[in-house]
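Engineer: Before I ask anything, let me first share the structure, which is written out below as structure tokens.
The values are calculated or read from the model by the stated rules, or taken from the named source; none is laboratory data. This one's a predicted model, so the numbers in the text were calculated from it and none came from an experiment. Backbone-built Cβ (ideal geometry, glycine too); neighbour counts: all protein chains shown.
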Amino acid sequence: MAVNGLRIWSNPSYTRIVIDADNETSYRHKLIGDEAAGDKPLQLQIDFDNSRLGENLNKGVIPINDDLLTDAKPSQHTPDSVRVIIDIKSFKTYKIFSLKNPFKTIIDVWGREAKSVTSSEPTPEPPELPSPIPTKKGRMVHDLAKQLALGVKRIVIDAGHGGKDVGAVGYYGSVYEKHVTLDIAKKLAQKIRQRLGCEVFLTRTTDKWLSLEERTAIANTKNADLFISVHTNASKSRDAHGLETYFLNLATDDNAILVAARENATSRKNISDLQTILHDLMKNSKINESSRLAAHVQNAMYRNLRARYSAIKSKGVKQAPFYVLIGAQMPSILIETSFISNKRECERLNNPAYQDALCESIVSGISKYIRETHPTAFMKEETAADNAG
């Protein structure tokens, strides 16, 4: 096995490192030094068994120089093992796990809290908020966007697939999942900005390929409050249709495993293997919040779309180990917007009017989630109005 690549994403309090390899292997990891005791520098050591150093990593020192880490030092530790040492400047905790097909080891490191967040792209100006509207009781009810922003300020939307990964091919062979998800993601971002006043980032704005672990890293480095991955469903049965929304957890049925295997571009066996390590990975994940977000979005899509379209079916809220959701530090969901393999739903997914209706429904679901999980955003406005009256 050759260890042949290292990729990095970071913000002032978080860094994700992905170590790429051309085959699966076992590894061990440990911290060296005690920061509390004044040992400097603190280091994270990862040893890969039955491995050799690839040409791309045969550099001695790979500079990182972000707020948490100084550099990474890969070396051929023994004739049949590779060691990577990461020098740490600021440390709180870390998590390490591997994904297959292709094999990669992902290291998430958290440092001491920072006051500011850097961004690789300019922060868009928030939309102008409408003037307050007087009610019959003389109360000033502020715009929904202002209230919601107190609870959720930043959302990352992921348009599934892209570039060399076309995703599912539609009933009509010229319709690809990667194009539909990008169209929906762009519309969704615009409607969230307009209706909720949130800052929104897209993982991609063009037809380009991104690895699944990079998408999650973008959400984490942006310090997103919510992460929403947009996809279209597919089935060998042309009759299969409906909407479903997923959150990260152990899969509870065969269909969920099949969907996760397809979106992860891996086998059912790899999904089963992944489930055995999910317990450790999800100790501090936002499972409860994610399940509530998924329920609100699913209910809003079904309720709103069936009022306008025929044969709308809710396949419900489900859970499965999606690669793109693993390691997300915020409530996160994956939406299977409709079946691109179904004739009627493929036509709808390719129709701007249906895309608009779908996005409006998703925004309504997000709004209800925020109302439920951040009620003080509204209570403060009501209390102020009561005191004024």
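Engineer: Given the stretch 224-306, what helices (runs of 4 or more DSSP H) lie entirely inside it while holding 3 or more residues that are among the hydrophobic types (A, V, I, L, M, F, W, C) and either outside the structural domain of H179 (by TED's automatic domain parsing) or over 14 Å from the mean Cα position of the chain (by Cα) (or both)?
Structural biologist: Details: elements: 254-263, 268-275, 278-281, 287-306.
Because the criterion is at least 3 residues that are among the hydrophobic types (A, V, I, L, M, F, W, C) and either outside the structural domain of H179 (by TED's automatic domain parsing) or over 14 Å from the mean Cα position of the chain (by Cα) (or both), the helices (runs of 4 or more DSSP H) in the stretch 224-306 that meet it are 254-263, 287-306.
Engineer: Could you tell me which of the residues L188, L212, L196, L182 is without any contact (Cβ under 8 Å) to a residue 40 or more places away in the chain and buried (at least 18 other Cβ atoms within 10 Å of the Cβ)? I'd like the intermediate steps shown before the answer.
Structural biologist: Numbers: L188 fails: without any contact (Cβ under 8 Å) to a residue 40 or more places away in the chain; L212 fails: without any contact (Cβ under 8 Å) to a residue 40 or more places away in the chain; L196 fails: without any contact (Cβ under 8 Å) to a residue 40 or more places away in the chain.
After ruling out the rest, the residue left standing is L182.
Engineer: Are any of the residues in the stretch 196-209 of a type in the set (K, R), in a helix (DSSP H, G or I) and in the same structural domain as E345 (by TED's automatic domain parsing)? Quick ask: steps written out before the conclusion?
Structural biologist: From the stretch 196-209, those of a type in the set (K, R) are 204, 208; that's our starting set.
If we keep only those that are in a helix (DSSP H, G or I) as well, we get none.
Checked the stretch 196-209: no residue is of a type in the set (K, R), in a helix (DSSP H, G or I) and in the same structural domain as E345 (by TED's automatic domain parsing).
Engineer: Right, next: Restricting the search to the stretch 92-108, which residues are among the basic types (K, R) and farther than 11 Å from E213 by Cα? Show your work before the answer.
Structural biologist: Start the filter on the stretch 92-108 by keeping residues that are among the basic types (K, R), which leaves 92, 95, 100, 104.
The answer is K92, K95, K100.
Engineer: Yes or no: the stretch 346-355 includes at least one residue that is out of contact with any helix residue (DSSP H, G or I) (no Cβ under 8 Å at 6 or more places or on another chain) and buried (at least 21 other Cβ atoms within 10 Å of the Cβ).
Structural biologist: Taking every residue of the stretch 346-355 in turn, at least one turns out to be out of contact with any helix residue (DSSP H, G or I) (no Cβ under 8 Å at 6 or more places or on another chain) and buried (at least 21 other Cβ atoms within 10 Å of the Cβ).
Engineer: Hey, another quick one. Restricting attention to the stretch 148-172, and to residues there that are assigned to a loop (DSSP other than H, G, I, E, B) and at pLDDT below 95, which single residue is surrounded by the fewest Cβ atoms within 10 Å (Cβ to Cβ)? I'd like the intermediate steps shown before the answer.
Structural biologist: So the first thing to find is which residues in the stretch 148-172 are assigned to a loop (DSSP other than H, G, I, E, B), and the list is 150-153, 160-161, 163-164, 166-168, 170-172.
This time we only want the ones that are at pLDDT below 95, so: 150-153.
Details: L150: 14, G151: 19, V152: 24, K153: 16.
Per the criteria, the residue is L150.
Engineer: Filter the stretch 164-189 down to residues that are within 20 Å of the chain's Cα centre (by Cα) and among the β-branched types (V, I, T) and give me whichever is farthest from S364 (Cα to Cα).
Structural biologist: V166
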